[in-house]
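Structure first, commentary second.
The numbers here are math on the coordinates, done by the rules we state, and not lab data. Quick caveat: nothing in here was measured; it's all calculated off a predicted structure. Cβ sites come from the backbone with ideal geometry, for glycine too, and all protein chains shown count toward neighbours.
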Amino acid sequence: MKTLAYIVLVLTIGLSSCATLIADPAHPVAVVVAE
Amino acid sequence: MSNAKRFGGAHSPDNARPASPPPPRPASRFSGRKTRRFSWRLLGLYLAPSALVLSGVQAILSADLEQLLWSWGGYGALLLAAFLTGQGMRAAEAYEDRIVAKPPAFPRKLVAAGLSGISVAAISYYGAELGIALSVIYGALATGTHVAAFGIDPMRAKGGAGIADAELDRVAEKLDQAEAVVAETVKAAETLKDRVLTKRIDALAYAARDILREIQSDPRDLRRARKFLSVHLVGLRDATIKFATASSKGAAHDLRGEYEGLLKDLETSFAKQRTALLADDATALEVEIEVLRDRLKQEGAL
C-alpha cells in the first residue's frame, strides 16, 4: 500500500512537472506530441 | 594422591557466578552508534520535479518571467518538501529509538505533504494549464499519497507513565543533553590518533549510553544519576577535549598518565552507576512482589 502510494506520488509530481513543458505549444516535445 | 587438576573454568557449573552482571563491553567501536540510512524513496522525491528546471531554462530563453517564477518557485517548494520529508523520517526514527520521547515540535512530514500538494496544484494550474478543478484534484492526490507513503509525525509523548508532563520534558531534555555530551566526547577522542585511548573512550561512551538507556527505561532513575550526568559525563568530555587539544600541540606527553588515571576512575564509576541502577530496579521489583503477596494473603488467596 505504501509502495503504491509512493509510486502514485512520484508519478503525480513527475508528470505535472513534465506537463509544464508540453503545455507550451512552442516546445519541441509539444510539437512532436501535437504532430 | 593424584596430581591431576580438576577441569573447570569461569563458566563451569560448579563455579559461583559473580554477584552482579559485568558491565557491557562494546562489540566494536561502532556499537551503540546510530547509522544514517540512505533512502531511495527520498531520492525519488528529489528527482521527480526535475523537469521544472528545464521549464525554468526555457522561460529564461523566451524571457518569460512569469513562467520562470512558477517553474523554479515550484521546483524549490518541492525540494523543500523532500528535505522536510527526510527530516521528518529522521525525527520519527529518533522517536522510535527512544523509550521516553516527546513528539517532534514541528510536524515536518505533514508540512511536507501540504507543501507538495500546494506545489503540484500550482504547477498544474499555471504550468500545465489544467484548469482549477483538475489542479486541486492533483494537489489533493499528492498530499494524500504523501501521507500514505511516508505517514504522519508522532503526535504524543511516549513512555514515562505516571510522570507529570513537565517532569517528562525535563527527563527528555536531560537525556538529549547527555547524548550530545557523549557524542562530543567521542568526536574529541577521534582526533587523538591514539588507538588504545580511543578504544577506551569508545568503551566508556558505550557504557554511558547503556546507563542513559537504563534511565530512559525508568525516568525516576534520573534523580539518582544526577551526579553521573552533570559531573562524570561532562568531566570526561572536558578532559578529553583538553587532552586532544594538548595532544595536537604535542604537549600531551606529561598529561597522559593523569588522563589515563581519570579514565580508569571513570570506568569504575560508570560500572558502579550501572550496577546501582540495576540493583535499584531489583529492589523495586522485590518490594512490588512483597506488597502483592501481602495483598493476596489478606484476601485469602494464599
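What to note about this one:
- Relative contact order (percent, whole number), region B:187-302, Cα cutoff 8 Å, 6+ residue spacing: 33
- Pairwise label distance in nanometres, B:Ser230 with B:Arg295, each label 7 Å out on the Cα-Cβ vector: 3.6
- P(r) tail fraction, region B:79-228 - alpha-carbon pairs more than 26 Å apart, %: 48
- Treating each Cα of region B:166-287 as an identical point scatterer and summing with the Debye formula, the log10 of I(q)/I(0) at q = 0.13 Å⁻¹ comes to -0.53.
- In this rough spin-label picture, where each label sits 7 Å from Cα along the Cβ direction, the B:Arg213-B:Leu255 distance is 3.2 nm.
- Förster radius 22 Å - calculated FRET efficiency between B:Glu66 and B:Leu42 (Cβ-Cβ, nearest 0.05): 0.10
- Computed over region B:120-247, relative contact order equals 24 percent, with contacts defined as Cα pairs under 8 Å that lie 6+ residues apart.
- Peptide B:122-129 shows a mean partner chain C-beta count of 5 within 10 Å per residue C-beta.
- Here the relative contact order of region B:72-190, from alpha carbon pairs under 8 Å that lie six or more residues apart, stands at 29 percent.
- Between B:Ser50 and B:Arg220, the contour length at 0.36 nm per residue exceeds the alpha carbon distance by 56.1 nm.
- Label-to-label distance, B:Asp238 versus B:Lys158, with points set 7 angstrom from Cα along the beta-carbon direction: 3.6 nm.
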